[in-house]
Amino acid sequence: MDYQEYLQTDHWKQVRKRARKRAGNHCQICGNRSKLETHHNNYDNLGHEKNSDVIVLCDSCHMLFHGKLPEIGGNGHGFANDWKSYKIANLMGISSELYVLLAVACNYEIFSEIRKKICLDDLEDRRARKFFVALEECYRQGEMTEEALLGRLEDEELRELLLGSITSNTFKNAGRLISEGLREIIRRSLEKLRRANISALVRSNKDSDPKELKQLLVDKIYLDKELQKLRGMTT
């Protein structure tokens, strides 16, 4: 039985019905309740699907999901489309950090400014860190081209993601997505530093070096101010 025939079976109709009930009869990406479809996340258990094997999507999200990467910009949806694309990318196993760097790579002329705002230590995702290293190496060698970046990416999956992004013009209007994504990366990095700072302050006692204690307090004030500025930029 081929896949299209399977989709006509009573078994699949029951799987689809149960999936929609679990999803509350709305799209699991955008919340839309109309034109719902049930999508296979994988085909490993075809005919014996687990709950995690299927997802309920509206028709527009379903079309985005079947693209190599979600399309950004040029369709009038603005921030709502950026948010939807991030969520779909995460469901496809692409972290928000890597997603932003893919957008940067497709607009590589801005990397000289991007590297002033974030560094390798700001990134937590392993693949995003690999991608950033490749971008940085290209920049330092004066080889900021798509071909040079592809040549420096040893991870075949990263190469395929970049190629898909380039050929589909996925990130042709990604300025706002990049700006918002960078703010999120910086915010998480600052919050991580702040947690470490507070832990150090909690561990301090009357025998602590006064200079070290003062520096911890100065650092905390700085981190608090930077986080407050970021919050102000998103309100």
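Among the candidates 221, 166, the residue that is within 26 Å of residue 63 (Cβ to Cβ) and part of a helix (DSSP H, G or I) is uniquely 166. Return yes when residue 155 is surrounded by 11 or more Cβ atoms within 10 Å (Cβ to Cβ), outside the structural domain of residue 111 (by TED's automatic domain parsing) and of a type in the set (D, E, K, R) and no when it is not. No; evaluated as a whole, the condition is false for this residue.
Within region 15-67, the set of residues being on the phi < 0 side of the Ramachandran plot, of a type in the set (Gly, Ala, Ser) and more than 21 Å from the chain's Cα centre (by Cα) comprises 19, 23, 34. Filtering region 98-117 to residues that are surrounded by fewer than 19 Cβ atoms within 10 Å (Cβ to Cβ) and touching a Phe, Trp or Tyr at 6+ places or on another chain (Cβ under 8 Å) leaves 107, 112, 115. Of the helices (runs of 4 or more DSSP H) that lie entirely inside region 40-124, those containing 3 or more residues that are under 22 Å from residue 188 (Cα atoms) and modelled with pLDDT of 85 or more span 96-105, 111-117. Here is a check on your reading of the model: is residue 105 closer than 30 Å to residue 230 by Cα and touching a helix residue (DSSP H, G or I) at 6+ places or on another chain (Cβ under 7 Å)? Against the criterion (closer than 30 Å to residue 230 by Cα and touching a helix residue (DSSP H, G or I) at 6+ places or on another chain (Cβ under 7 Å)), residue 105 qualifies.
The values are calculated or read from the model by the stated rules, or taken from the named source; none is laboratory data. The structure displayed is predicted, hence computed values, not measured ones. Positions of Cβ are backbone-derived with ideal geometry, glycine not excepted, and every protein chain shown enters the neighbour counts.
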